[in-house]
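Beneath this line is the structure, given in structure tokens, with notes to follow.
The values are calculated or read from the model by the stated rules, or taken from the named source; none is laboratory data. Bear in mind the structure is a predicted one, so any value in this text is a computation, not a measurement. Ligands, DNA and RNA are stripped out before the accessible areas are found, and what is left, the full protein with its side chains, is counted by its heavy atoms. Shrake-Rupley method; radii C 1.70, N 1.55, O 1.52, S 1.80 Å.
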Amino acid sequence: MEVEVKRRKFTTCMVDILPSEVLATILSFVAKSSPADLFRCKLSCKRLRRIAEEKGVLQQIHLRWIKARISWPHRQAAEKFFMKCVENEHPEALLEFGFRQYFNTLVVDEGLTMLEEQRSCRIPVAAYVVSLIYIYTGEEERGVKLLENTINSIGSAGIV
């Protein structure tokens, strides 16, 4: 009795050859320039999907693109992805989440803490908003000093 064995022809693709660190770097650049292409990469294979979900890649994504998708019918998916960015410490997402906490949900202490963390990461918008919050809430001296430092570090033309 003869058994016929069919051999599969395996082809090697670049995704299989390149180290994960190199793919993560490539996907980080893709995330910066085109989040839509990043999502397409995630759909192409399991390995790219796993790497695209890594913290270093998620921190590079251009968040304005995601915010534009927070409209019906993509609202839930975009909000879920936004929260994933917050969990992975995406600077823009943390800043936005701090704004939401402080101004929208009135979780004032947590929101201010998040904004102060972003200020300490040298994000000018956060420093500017925190200084205004201090001035408005009665800590004028602290707020004015922070505002002066912010303007000196980025220049008055940097605040639009």
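Solvent-accessible area of Ser153, all protein chains in place: 90 Å² (probe radius 1.4 Å, heavy atoms, ligands and nucleic acids excluded). When the surface is traced with a 1.4 Å probe over the full set of protein chains, Phe39 keeps roughly 60 Å² accessible. Largest to smallest in accessible area, the residues Thr150, Thr113 fall in the order Thr113, Thr150 (1.4 Å probe, all protein chains included). Of Cys13, Cys41, Cys85, the order by accessible heavy-atom surface (1.4 Å probe, DNA, RNA and ligands excluded), from most exposed downward, is Cys13, Cys41, Cys85.
Measuring only protein heavy atoms, the 1.4 Å probe finds Asp37 accessible over about 70 Å². The calculated P(r) of segment 105-146, using every Cα pair and 10 Å bins from 0, goes 33, 57, 10 in percent.
Residues Lys46, Lys145, Lys80, Lys32 ordered from highest to lowest accessible area at a 1.4 Å probe: Lys46, Lys80, Lys145, Lys32.
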